[in-house]
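Engineer: Input: one structure, supplied below.
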């Protein structure tokens, strides 16, 4: 495979990793929004519990509100765990994308060097042909009486 092909392949890897980072970012944002909604719901339940406790409530009502708060706390904890996993995955993918970008740039530099070397060889060949043509022309002028 030539360097151009490797550069293209590395660019595709980088694009895929960037797309995965974008998807992970969206998932993380969704998880954060879900956690915010759950925390707001938890706050409403706490306020309802406090309000009910001030005006008086039955033990069954207190148990129901406590169970509801426990369930919300559990969901919030799971959501925070999910956020942590997503954040770790995102950092890993960003590092992979950065490395892929570095590799692509290395291939691009190498490809540029190869192109410059090919141009130099072509320029030298063209100069050699020009020099040979000029030498033949000078030789003909000398040969003409």
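The values are calculated or read from the model by the stated rules, or taken from the named source; none is laboratory data. The shown structure was predicted, so the numbers you read here are calculated from the model rather than taken from an experiment. In this analysis, Cβ positions are derived from the backbone assuming ideal geometry, glycine residues included, and neighbour counts consider all displayed protein chains.
Engineer: Could you check region 42-54 and list, in sequence order, the residues that are surrounded by 15 or more Cβ atoms within 10 Å (Cβ to Cβ) and under 40 Å from the mean Cα position of the chain (by Cα)?
Structural biologist: Answer for region 42-54, where residues must be surrounded by 15 or more Cβ atoms within 10 Å (Cβ to Cβ) and under 40 Å from the mean Cα position of the chain (by Cα): 42, 45.
Engineer: A follow-up question, please. Inspect region 27-38 for any residue being modelled with pLDDT under 95, more than 19 Å from the chain's Cα centre (by Cα), surrounded by fewer than 16 Cβ atoms within 10 Å (Cβ to Cβ) and assigned to a helix (DSSP H, G or I) and give the result as yes or no.
Structural biologist: No, because not a single residue in region 27-38 is modelled with pLDDT under 95, more than 19 Å from the chain's Cα centre (by Cα), surrounded by fewer than 16 Cβ atoms within 10 Å (Cβ to Cβ) and assigned to a helix (DSSP H, G or I).
Engineer: Take region 56-79 and flag every residue that is more than 30 Å from residue 21 (Cα to Cα), under 41 Å from the mean Cα position of the chain (by Cα) and surrounded by 15 or more Cβ atoms within 10 Å (Cβ to Cβ).
Structural biologist: Those that are more than 30 Å from residue 21 (Cα to Cα), under 41 Å from the mean Cα position of the chain (by Cα) and surrounded by 15 or more Cβ atoms within 10 Å (Cβ to Cβ): 68, 69.
Engineer: Also: Out of all the residues in region 1-17, which are surrounded by fewer than 16 Cβ atoms within 10 Å (Cβ to Cβ) and touching a residue at least 12 places away in the same chain (Cβ under 8 Å)?
Structural biologist: 4
Engineer: So if I check each of 140, 82, 105, which one is surrounded by 10 or more Cβ atoms within 10 Å (Cβ to Cβ), without any contact (Cβ under 8 Å) to a residue 60 or more places away in the chain and more than 30 Å from residue 30 (Cβ to Cβ)?
Structural biologist: Selected residue: 105, the only one of 140, 82, 105 that is surrounded by 10 or more Cβ atoms within 10 Å (Cβ to Cβ), without any contact (Cβ under 8 Å) to a residue 60 or more places away in the chain and more than 30 Å from residue 30 (Cβ to Cβ).
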